[in-house]
1. Take segment 24-34 and flag every residue that is surrounded by fewer than 18 Cβ atoms within 10 Å (Cβ to Cβ) and either among the charged types (D, E, K, R) or touching a residue at least 24 places away in the same chain (Cβ under 8 Å) (or both).
2. Of the residues Ser77, Ser52, only one is touching a residue at least 24 places away in the same chain (Cβ under 8 Å) and more than 11 Å from the chain's Cα centre (by Cα); which?
3. If you check Ser20, Ser44, which single one turns out to be modelled with pLDDT of 90 or more, closer than 18 Å to Thr95 by Cβ and polar (S, T, N, Q)?
4. Taking segment 1-17 as the search range and keeping residues that are assigned to a loop (DSSP other than H, G, I, E, B) and in contact (Cβ under 8 Å) with a residue 12 or more places away in the chain, which one is farthest from Asp90 (Cα to Cα)?
5. Determine, yes or no, whether Val58 is farther than 16 Å from Leu96 by Cα, under 13 Å from the mean Cα position of the chain (by Cα) and not basic (Lys, Arg).
6. Would you mind stating whether Leu82 is closer than 15 Å to Leu14 by Cα, within 12 Å of the chain's Cα centre (by Cα) and surrounded by fewer than 19 Cβ atoms within 10 Å (Cβ to Cβ)?
7. Within segment 62-74, can you find the residues that are under 12 Å from the mean Cα position of the chain (by Cα) and among the hydrophobic types (A, V, I, L, M, F, W, C)?
8. Of the residues Arg10, Arg41, which is closer than 20 Å to Gln79 by Cβ and out of contact with any strand residue (DSSP E or B) (no Cβ under 7 Å at 6 or more places or on another chain)?
Amino acid sequence: MKDHVQANWRNVALICRKCSKKLDGGFGPHGDERLAKALRRHLSLKKGRKASAGLVEVNCLGVCPKGAVTVVDGADSRQWLLVRPGADLDELATTLGICDSQS
């Protein structure tokens, strides 16, 4: 039996599912997608451990900002980000260190 599996992730971002749900979208080209889905699509990331970076939606992180989504960068977990709807996804990806490496 295996005791570990390998992932291709260079970095991981934890995205609050509750914040995303409260906003009812606000991201993506038409402003109707949740942050994780919009960012994954914008960067053309695969799903799961075969992706070059992990975007994981987690349960409530306890910050609950009005009109924003809480995001934790796995490499720098001391500084949490509050991402407002319509934010520049390229800038967010650069900040999180999950820039597109597939193109």
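1. Scanning segment 24-34 gives Asp24, Gly25, Gly31, Asp32.
2. Ser52
3. That would be Ser20, the only listed residue that is modelled with pLDDT of 90 or more, closer than 18 Å to Thr95 by Cβ and polar (S, T, N, Q).
4. This residue is Val5.
5. yes
6. For Leu82, the condition - closer than 15 Å to Leu14 by Cα, within 12 Å of the chain's Cα centre (by Cα) and surrounded by fewer than 19 Cβ atoms within 10 Å (Cβ to Cβ) - is met.
7. Of everything in segment 62-74, those that are under 12 Å from the mean Cα position of the chain (by Cα) and among the hydrophobic types (A, V, I, L, M, F, W, C) turn out to be Val69, Val71, Val72.
8. Arg10
The values are calculated or read from the model by the stated rules, or taken from the named source; none is laboratory data. Remember, it's a predicted structure, so these values are computed and weren't measured experimentally. Here Cβ is always computed from backbone atoms with ideal geometry, including for glycine, and neighbour counts include all displayed protein chains.
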